[in-house]
Amino acid sequence: MPNETILIRRLVAAKFDTRNFALALAGSMIIALSAQISVPMFPVPMTLQTLAISIIGLTFGARLAGVTLLLYLAEGAFGLPVFANGGAGILKLVGPTAGFLWGFAGMAFLTGWMVENGFSRGTYRMFFAALIPAALLYIPGVLGLYGFTPLDLTGAFKVGALPFLVGDVIKSILAAMVVTGGWTLLKKAKSNG
């Protein structure tokens with residue numbers, strides 16, 4: 001796997017060291033902040049988390065993005081108010097939105113994996129690297145709602161996926177544009193330096 005496919009590796013070391021731990025910590029804080037920007041909906045609020053997770057996956061690669069999301073989940077489990085609307089605690093990881101929370105780690109890892117395996121350049125490819133994992137997030141998310149609420153599977157889909165589909169397409173476009181822009185800035189800085 002060539003290092004040039006992951007934007008962050010062009011800026012820091014490829015191995016997991018203190019700089020990468022700092023990146024994971026910063027990434028978890030960005031996700032926590034994005035969780036606080038929400039449109040109240042029940043039982044799943046609409047937040048900017050998937051946008052932040054897509055950008056992290058597109059820039060960090062599979063392993064570092066996955067570690068970032070596991071760190072985020074650990075922060076919430078230990079009581080830091082990092083989940084949507086300042087939520088915290090271990091019960092959030094076994095409740096109605098638990099499928100989405102755990103699915104975030106898979107989403108980040110898969111987004112990074114796609115970038116490492118052919119979806120690293122160009123807005124169009126990065127769009128799909130962001131959109132496919134975001135769409136797959138609905139599998140554990142809807143199943144979590146189905147398992148922890150009185151909703152049937154259709155009802156869980158209607159409240160846990162349907163209202164978010166258009167937003168996820170838009171967020172995937174934005175994530176691809178942000179990361180493609182990052183690559184463009186890096187190329188300009190190299191050519192000027």
Practice item. State, to one decimal in nm, how far the label point of T18 lies from the label point of F157, with both points 7 Å from Cα in the Cβ direction. Key: 5.1
Practice item. Excluding A161 itself, calculate the net charge of residues whose Cβ lies under 15 Å from the Cβ of A161, where each Lys or Arg counts +1 and each Asp or Glu counts -1. Key: 0
**Study point:** Folded to 0 to 90 degrees: helix 98-116 orientation relative to the chain principal axis, Cα
**Key:** 20
Practice item. Give, in nm to one decimal, the length gained when the segment between L91 and A135 is fully stretched (0.36 nm per residue of separation minus the Cα-Cα distance). Key: 13.4 nm
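If I take every Cα pair under 8 Å that is 6 or more residues apart in segment 62-130, average their sequence separation and divide by the length, what percent do I get for the relative contact order? Mind showing how you got there, number by number?
Numbers: 65 pairs, mean separation 22.2, N = 69.
Relative contact order, segment 62-130: 32 percent.
Quickly estimate the mean residue ellipticity at 222 nm for the chain, helices only: each DSSP H run with n ≥ 4 gives -39500 (n - 2.57), and the total goes over all residues, rounded to 500. Don't skip to the end; give the middle numbers.
Values: 9 runs with 132 residues, N = 193.
That comes out to -22500 deg cm²/dmol.
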Practice item. Please label the shape of segment 79-158 as rounded, prolate or oblate, based on the square roots a ≥ b ≥ c of the eigenvalues of the alpha-carbon gyration tensor (a/c under 1.5 means rounded; beyond that, a/b larger than b/c means prolate, else oblate). Key: oblate
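Explain nothing, just the number: relative contact order of the chain, from Cα pairs under 8 Å at least 6 residues apart, as a whole percent.
Details: 306 pairs, mean separation 45.5, N = 193.
Relative contact order here is 24 percent.
Stokes-Einstein at 4 °C, 1.567 mPa s, Kirkwood radius from Cα pairs: D for segment 3-187 in µm² s⁻¹? Write down the numbers at each step before the final one.
On the way: Rh = 16.3 Å.
Calculated translational D: 80 µm²/s.
Readers should treat all values here as calculations from the given coordinates under stated rules, not as data from a laboratory. Please read all numbers here as calculations on a predicted model, not as lab measurements. Reconstructed Cβ throughout: ideal geometry from the backbone, glycine too, with neighbour counts over all protein chains shown.
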